[in-house]
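Notes follow the structure.
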């Protein structure tokens, strides 16, 4: 096998030999990336495999995951999959990744439509994925409603995001962390002038663990949930509590970037498909940059937050948290500039 990997192999052109060549290319790819740490070689093998049978949904999914691993721009991947829709629809994981690309690109209504019209089935590494994209689309649409002062419509969407429809193929975990939904519900009710309901939802948004940690598994406490706790405390007139939360986020992010990360062998599923070996230390560094960015954003240290989020993008072009909160940061700066002009 090691000899064959260094040779140009020509197969007779019939159906079975094409299948053999595809599988040979894939089997050669795994050592190229996972063992030899040679992404260029891995990419060449995978693109060769895909060219032999563009209708193979598994190969397309794995090729796209390699593009993602190599930090290809989201726009490039979305345009690539847009040309392969007949194949994309074959697999849940590939279909959902396509919807996620729409979500990440700000096409929330289109992403939600894609999710709504499919019945998903559970798969290893897919826990929380379909529901996550469903919630993300509804939340971002609700935030747009709040900015446009369509507060009732925003409330409807945020309430909808708390109920998982059957087509997602998974139920809500007990104790699901919904601090962001409750925070934005408070903002929507405040927009309606309903201070009582606003305060009720902001109080709900403060509930949960407030100590940041390494979020390795899909059900771990996510740092943005802590960030929304801080925002809620600020709205409730407790800026000291909010500032402590934001400072803790900054300190954790800056203090743990170089941690050596290991995971237990017997553990719940990791949050991503693991076709290719993952660098847990790199993932931790990205996570810490994001955590620090959230803390800076909460403290309204916009320049530092922007630097942190952009640092995340250099390593992960499809980091939803950094993308979302950088967009929020820019909108907040724009709003503050307008207020300064008016005053």
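Read the figures in this text as sums done on the coordinates, not as results from a lab. What you are looking at is a predicted structure, and each value in this text was computed from that prediction instead of being measured. Cβ: placed from backbone, ideal geometry, glycine included. Neighbour counts: every protein chain shown.
Over region 91-205, what is the relative contact order in whole percent, taking alpha-carbon pairs under 8 Å and six or more residues apart? All intermediate terms of the calculation are to be shown ahead of the outcome.
Numbers: 135 pairs, mean separation 25.4, N = 115.
About 22 percent, as a whole number.
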**Request:** Kindly put 66, 297, 107, 282 in sequence by how many other C-beta atoms sit within 10 Å of each C-beta, fewest to most.
**Result:** 282, 107, 66, 297
**Item:** Modelled FRET efficiency - R0 51 Å, residue 334 with residue 121, Cβ distances, 0.05 increments
**Value:** 0.75
**Asked** If you take all C-alpha pairs in region 115-208, what percent of them are over 24 Å apart?
**Response** 25 percent
**Prompt:** At what distance in nm do the modelled label points of residue 300 and residue 279 sit from each other, each positioned 7 Å from its Cα along Cα→Cβ?
**Reply:** 3.8 nm
**Item:** 119, 333 arranged by Cβ crowding within 10 Å, fewest neighbours leading
**Value:** 119, 333
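Cα-based Rg of region 237-343 per 2.2 N^0.38 Å, rounded to two decimals? Could you put the intermediate results ahead of the total?
Numbers: Rg = 16.4 Å, N = 107, 2.2 N^0.38 = 13.0 Å.
Against the empirical 2.2 N^0.38 Å value, I get 1.26 for region 237-343.
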